[in-house]
1. Can you confirm whether residue B:194 is more than 14 Å from chain A (Cβ to nearest Cβ) and in contact with a helix residue (DSSP H, G or I) (Cβ under 8 Å, 6 or more places away or on another chain)?
2. Would you confirm, using the coordinates I've provided, whether residue B:257 is in contact with a helix residue (DSSP H, G or I) (Cβ under 8 Å, 6 or more places away or on another chain), modelled with pLDDT under 95 and surrounded by 21 or more Cβ atoms within 10 Å (Cβ to Cβ)?
3. So for the range B:157-164 (the condition being under 22 Å from the mean Cα position of the chain (by Cα) and more than 19 Å from residue B:232 (Cβ to Cβ)), does at least one residue qualify?
4. Got a sec? Which of B:169, B:240, B:192 is buried (at least 18 other Cβ atoms within 10 Å of the Cβ) and part of a loop (DSSP other than H, G, I, E, B)?
5. I'd like to know if the range B:329-346 contains one or more residues that are more than 30 Å from residue B:468 (Cβ to Cβ), surrounded by 19 or more Cβ atoms within 10 Å (Cβ to Cβ) and of a type outside the set (Val, Ile, Thr).
6. Output yes when any residue across the range A:139-156 is touching a Phe, Trp or Tyr at 6+ places or on another chain (Cβ under 6 Å) and either touching a residue at least 24 places away in the same chain (Cβ under 8 Å) or farther than 26 Å from residue B:222 by Cα (or both), and no when none is.
7. Inside the range A:76-132, can you point out the residues that are free of Cβ contacts under 8 Å to residues at least 40 places away in the same chain and surrounded by 18 or more Cβ atoms within 10 Å (Cβ to Cβ)?
8. Name the residue, out of B:412, B:416, that is of a type outside the set (Lys, Arg), over 30 Å from residue B:360 (Cα atoms) and within 14 Å of chain A (Cβ to nearest Cβ).
Amino acid sequence: MPTGLPNGGGLPDMKDMTATILKRIGHSVITLFVISILIFAGVEALPGDLAESILGQSALPETVEAFRKELKLDLPPHVRYISWLGDFVQGEMGRSLSNHRPITELIGWRLSNTLFLAAAAAVVAVPLAIILGILAALYRNTFFDRIVSMVSLSAISFPEFFIAYILIALISVKLPLFPSISTLDDQMSLADKLYTIVLPCLTLTMVVLAHMMRQTRAAIINVLATPYIEMARLKGVSRLRVVVLHAFPNALSPVINVVALNMAYLVAGVVIVEVVFVYPGLGQLLVDSVSKRDLPVVQASGLIFASVYIGLNLLADLLSIASNPRLRNPR
Amino acid sequence: MTDLKQSTPPLSTDPISRRKFLKQMSALGLSMAILPGVFHGSAQAAVPQKGGRFRMGMGGAHTTDSLHTPTLADQFEMHTNYALRNNLVEVNQKGEAIPELAESWDVSSDAVKWMFDLRRGVEFHNGKTLDAEDVIYSIRHHMGPDSKSGAKGLLDQIDEIRADGKNRVLFTLKGGNADFPYILNDYHLTIVPAGTTGNEWEKGIGTGGYTLEEWEPGVRSFLKRNPNYFKQGRAHFDEVEILGINDVNARTNALKTGRIDYMNRTEVKTAHLFKRMPGIEIMQTAGGLQFTLAMLTDISPFDRNDARLALKHAIDREEIVKQVLRGYGTVGNDHPIQKNDRFFAADIPQRQYDPDKAKFYLKKAGLTDQTFPLHTSDLNTIYLDMATLFKEQARKAGLKIQLIKEPADGYWSNVWIKKPFCNCHWAARPTADMMLSVAYTSQAKWNDTHLKSPRLDELVKIARAELDQAKRQEAYAECQRIIRDEGGTIVPCFKDYVEAASTKVQHGPISGLLESDAHRAAERWWFA
């Protein structure tokens, strides 16, 4: 029985939830396995291999051959895949083929950088988007609503590198406030690091803001048309209270989904921003490894990205269920 | 070693002998450090100052970069490597071979046996003293059947390397080579401690002017001056920070905002805007970097020299330099020797764009209706621009060229030397012999035109082993003529290196052998 109030349906059925989570995790593992095959096949299908791409123009048939032999690239693809899989399930990520560094070391630092930037952008973007969305719904069709929509939609319509270059031109070159490149190193304090990533963080915020803001606004407006909102209004509840306490909790489900998707984008889709700001994240590593056909690194970073997507989607689904009594108590 | 000619200056027409030169230099306490060259700018620039952190923004950086010398290939890793390690021989800004870890050398009269005396008391960063075993290990590492080195082809000419005591290395070549010391300047052939293996390569141990503090491939290398450096008057910066910045706009902005002091690979399209900025110097260096169009001379229709000549007359080199290189370069003359090279034959007339001649040769070849497919790629922006412009120029001369765009991935393995007509480019080689024997003799490993000219082969062989400069000059001039008139290569242009730095950065004359002052910027430059 749907109720208009949040948490009106009692505690979630923990047993059902656990079963759902386990089932979804099971599916995720299968998905990851399929993805690893797809990544392997994709990289195999590209012309050339690591030996050729590293040696480039100076490759000789015999040096390429020696290179392949050393890296076991001369073995048939399925043998290489199975040996990689065998190591992987034992938790052995292996070493980068091109510079023999352990992949955990190579990826660990970059993954933490990627997560740092994503977290910083999310901390700014998510609350901002939701507040703006609520305000836009509250004052819909006013001048404020139109301005917010226009600005955020324009920001999303430009390619992200364009926004990045505009920001650099304005508040790095013309007005020297922030650094134009965001190279991090270990000697930096947290404050230094935050200062260094202001521009990429701002760029990402502008890129993801519109989605979440528009979704929040639409979901709330949708809910505002339902009879129980009318009832609340008739009872004399203030508009703000209606929107924040009555409408928003019921609009959460689609908002959570779009937030999760954008978070996944912040982790896995920011290669261009990384390039423009010279930010040492995982995306750059993935692109370089693909172009050099460094398969173990491609696999590892590809699977991390895939896990992030799957994990965030799973989380979004679970949160939607938790936030929606109808889904929580199916009947 | 009685057959070694003593005190022969084999590589220079300079009346001062090499020994005398060195003696004078050491007497000045300068060793080989500052060459009596003319320095740019004001007189104060001639006295290098110590100190400061030199921050370089480098395009050509990859997370797959490595300090393993056999696989060095791009700018970020190459520059880091050269700041950490030294060659036996250095090629200076004038293109002369000067001593580096080798203090001096001598050669037998047939240029087959070479003897290198090592500088004594040079220490690696880990405290080990350099000796002949280190040199032999470092060179041999690139040879043999298991080698995956980019320098393997260069070293095939070595028959034997052995030590003669702790401080002397003897090379016996399979044939005479008067330019052998130049080969030892190759960036792969930097010297490491004997036994360096596996992960130890990434520690960057060498004898160079800087030691490795941090190494994050493709991102950042951080170096500190080696207080124990054997060269006087080199490695002036306290610290060097090399940042991998592949995006040219990001590099440009970083330089404009003062985040870096130097950037390589300035965009030629925006260099004129950059020039107007105060505090920034554009450095334009003529080198041997050349862009070519390679035709396989044994595949129809390129097996007919008239077809090749038709195409060679159908390209407007001046326009390509003007439009594609924006003036940052010089026209080529369909042979690989650059104007500043000591063996450049100035008397060969420059080939011009001549639609009538192109039509004439096309008709002579009986190919008036032929369409020539040209394989190009966005591997390098110049490839596409040049190919597109050439297509239009050729159309005006009545030649039909069809452009086929190939992916940058695997271009070198799937297109180059496989397709009968394609784009290519060559980095400078320090000697005419290296350029000719890398791509033009029948036995050349990368003969991308399948040119087989017995006369050319013979000339290259004679000139290689000849110690008489005048005779070499003559032989190389004929080589240039043969390649120009019979070869399968169109050389429309040589591109200058265009780089930019803050005016704080001071430097002597810049070498055009490789980018970034032949990758010795960190070692040679200083702050005002």
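1. Values: more than 14 Å from chain A (Cβ to nearest Cβ): yes; in contact with a helix residue (DSSP H, G or I) (Cβ under 8 Å, 6 or more places away or on another chain): yes.
Yes; evaluated as a whole, the condition is true for this residue.
2. Values: in contact with a helix residue (DSSP H, G or I) (Cβ under 8 Å, 6 or more places away or on another chain): yes; modelled with pLDDT under 95: yes; surrounded by 21 or more Cβ atoms within 10 Å (Cβ to Cβ): no.
It is false that residue B:257 is in contact with a helix residue (DSSP H, G or I) (Cβ under 8 Å, 6 or more places away or on another chain), modelled with pLDDT under 95 and surrounded by 21 or more Cβ atoms within 10 Å (Cβ to Cβ).
3. Residues of the range B:157-164 under 22 Å from the mean Cα position of the chain (by Cα): B:157-158.
Next, only the ones that are more than 19 Å from residue B:232 (Cβ to Cβ) stay: B:157-158.
Yes, the conditions are met somewhere in the range B:157-164.
4. On the way: B:169 fails: part of a loop (DSSP other than H, G, I, E, B); B:240 fails: part of a loop (DSSP other than H, G, I, E, B).
Criteria check complete, one pass: B:192.
5. Of the residues in the range B:329-346, the ones more than 30 Å from residue B:468 (Cβ to Cβ) are B:329, B:331.
Restricting the remaining residues to those that are surrounded by 19 or more Cβ atoms within 10 Å (Cβ to Cβ) gives B:329, B:331.
Going one step further and asking which of them are of a type outside the set (Val, Ile, Thr), we end up with B:329.
The answer is yes, given that some residue of the range B:329-346 is more than 30 Å from residue B:468 (Cβ to Cβ), surrounded by 19 or more Cβ atoms within 10 Å (Cβ to Cβ) and of a type outside the set (Val, Ile, Thr).
6. Of the range A:139-156, the ones touching a Phe, Trp or Tyr at 6+ places or on another chain (Cβ under 6 Å) are A:145.
Remaining after also requiring either touching a residue at least 24 places away in the same chain (Cβ under 8 Å) or farther than 26 Å from residue B:222 by Cα (or both): A:145.
Yes; the residues of the range A:139-156 include at least one that is touching a Phe, Trp or Tyr at 6+ places or on another chain (Cβ under 6 Å) and either touching a residue at least 24 places away in the same chain (Cβ under 8 Å) or farther than 26 Å from residue B:222 by Cα (or both).
7. Our first condition is that a residue be free of Cβ contacts under 8 Å to residues at least 40 places away in the same chain; within the range A:76-132, this holds for A:76-79, A:82-83, A:86-87, A:89-92, A:99-102, A:104-105, A:108, A:112, A:119, A:123, A:127, A:131.
A:99, A:101 - these are the residues of the range A:76-132 that are free of Cβ contacts under 8 Å to residues at least 40 places away in the same chain and surrounded by 18 or more Cβ atoms within 10 Å (Cβ to Cβ).
8. Values: B:416 fails: over 30 Å from residue B:360 (Cα atoms).
Going through B:412, B:416 in turn, the sole match is B:412.
The values are calculated or read from the model by the stated rules, or taken from the named source; none is laboratory data. All of these numbers come straight from a predicted model, not from anything done at the bench. Cβ: placed from backbone, ideal geometry, glycine included. Neighbour counts: every protein chain shown.
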